[in-house]
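Here's the structure, in structure tokens; my notes come after.
The values are calculated or read from the model by the stated rules, or taken from the named source; none is laboratory data. Predicted, not measured: the structure shown is a model, and the values here were computed from it. Virtual Cβ from ideal backbone geometry, glycine too; neighbours counted across all protein chains shown.
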Amino acid sequence: MTSAVQGERQTVGSLSPSRAADFKSCPLLYRFRSIDKIPQRPTKDKARGTLVHAVLDRLFDLPAGSRTYESAAALVEPEWATLAAAEPETAELFAAGELDGWLDSARRMVAGYFALEDPTRLEPAAREQLVEAVLDLPGDAGLALRGYVDRLDVAPTGEMRVVDYKTGSIPRQAYEAKALFQLKFYALVLWRTRGTVPHTLKLMYLADRDSLSYRPDAEELERFERTLVAVWKAIERALETRDFRANPSKLCGWCDYQQLCPSRGGTLPPFPDPA
């Protein structure tokens with residue numbers, strides 16, 4: 001990847017939490033999404049996640065006393081209209097008579113949020129905010145990190161809580177570290193830009209009406225930073241050789257790119273021109 005300027009700093013490339021996680025789980029998936037830039041197919045589950053995130057974001061535009069479930073549920077249909085207008089291919093997923101039941105499922109997700117916390121007692125410091133930092137690499141260039149935080153809460157004492165809404169199921173204990181990867185990424189960026197380690201990382205699983213909270217520390221985030229640098233170096237090596245290997249796993253059945261994956265009997269497309 002070509003160098004770019006991030007503010008006054010020269011950068012060799014950038015990583016988001018999703019793209020870093022892609023490469024860690026399957027380098028070929030990273031290639032399809034980040035290099036070939038093959039669009040993912042829309043699904044009802046992805047659309048519901050987008051819709052519920054939009055509703056919970058809009059909820060905090062209301063005065064604190066008006067942040068009731070009824071107010072949030074009333075936002076579902078207008079936010080769906082906005083999403084459907086922006087993504088016609090998503091609207092086409094629904095046959096006649098299917099949409100009402102699907103919208104009800106989104107409202108149940110919203111109700112799950114209210115089972116977990118009381119938004120009338122919160123004033124988020126930021127919502128859907130882009131956070132960015134540049135990590136040092138050998139030489140003069142750096143690696144840009146960027147991503148969007150669902151919600152950032154800051155206490156009067158300055159303690160930060162990073163919150164992410166999830167519409168899937170809460171992971172089993174063995175998979176908690178993988179689930180927290182995204183929030184550790186945000187915690188690292190916030191630490192490097194604000195000088196304070198976030199006090200709490202919180203994943204809210206709306207369907208299960210349960211949450212997963214974690215307290216990071218500086219030593220752990222330093223290790224995580226080294227992990228991201230190692231991921232980027234591995235990406236650079238794969239770019240040099242044009243060798244992004246598939247990593248077959250149980251997740252392959254949900255992959256959008258099975259027809260292109262050699263491990264599933266598919267044929268790789270030509271590697272894109274560097275330009």
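For the stretch 26-126, the helices (runs of 4 or more DSSP H) that sit wholly inside it and include 1 or more residues that are closer than 30 Å to residue 14 by Cα and within 22 Å of the chain's Cα centre (by Cα) are 27-30, 44-59, 69-86, 88-91. If I go through the stretch 242-275 residue by residue, how many of them are without any contact (Cβ under 8 Å) to a residue 40 or more places away in the chain and either in the same structural domain as residue 22 (by TED's automatic domain parsing) or touching a Cys at 6+ places or on another chain (Cβ under 6 Å) (or both)? Qualifying residue count, the stretch 242-275: 0. Being surrounded by 13 or more Cβ atoms within 10 Å (Cβ to Cβ), in contact with a helix residue (DSSP H, G or I) (Cβ under 9 Å, 6 or more places away or on another chain) and over 22 Å from residue 151 (Cβ atoms) is a property that does not hold for residue 17.
Mind checking whether some residue in the stretch 89-98 is exposed (fewer than 15 other Cβ atoms within 10 Å of the Cβ), in contact (Cβ under 8 Å) with a residue 12 or more places away in the chain and not assigned by TED's automatic domain parsing to the domain that holds residue 168? Yes, there is a match, as at least one residue in the stretch 89-98 is exposed (fewer than 15 other Cβ atoms within 10 Å of the Cβ), in contact (Cβ under 8 Å) with a residue 12 or more places away in the chain and not assigned by TED's automatic domain parsing to the domain that holds residue 168. Against the test of being at pLDDT 95 or above and on the phi > 0 side of the Ramachandran plot, the options 159, 128 yield a single qualifying residue, 128. When the criteria are applied in full, residue 143 fails the requirement of being surrounded by 18 or more Cβ atoms within 10 Å (Cβ to Cβ) and part of a helix (DSSP H, G or I).
In this structure, does residue 152 turn out to be assigned to a strand (DSSP E or B) and loosely packed, with under 14 Cβ neighbours inside 10 Å? For residue 152, the condition - assigned to a strand (DSSP E or B) and loosely packed, with under 14 Cβ neighbours inside 10 Å - is not met. For the stretch 232-275, a residue qualifies if it is aliphatic (A, V, I, L, M), part of a helix (DSSP H, G or I) and either in contact with a Leu (Cβ under 7 Å, 6 or more places away or on another chain) or exposed (fewer than 12 other Cβ atoms within 10 Å of the Cβ) (or both), and the qualifying residues are 251, 260.
Of everything in the stretch 131-141, what is among the small types (Gly, Ala, Ser) and either in contact with a Phe, Trp or Tyr (Cβ under 8 Å, 6 or more places away or on another chain) or at pLDDT below 95 (or both)? Give them in sequence order. Once the filter is applied, which keeps residues that are among the small types (Gly, Ala, Ser) and either in contact with a Phe, Trp or Tyr (Cβ under 8 Å, 6 or more places away or on another chain) or at pLDDT below 95 (or both), the stretch 131-141 yields 139, 141. With the condition kept exactly as written, say whether any residue in the stretch 174-182 is among the hydrophobic types (A, V, I, L, M, F, W, C), part of a strand (DSSP E or B) and not assigned by TED's automatic domain parsing to the domain that holds residue 104. No. Taking the listed residues 18, 66, 25, the one that is of a type in the set (Ser, Thr, Tyr), more than 30 Å from residue 123 (Cβ to Cβ) and out of contact with any Gly (no Cβ under 6 Å at 6 or more places or on another chain) is 25, with no other qualifying.
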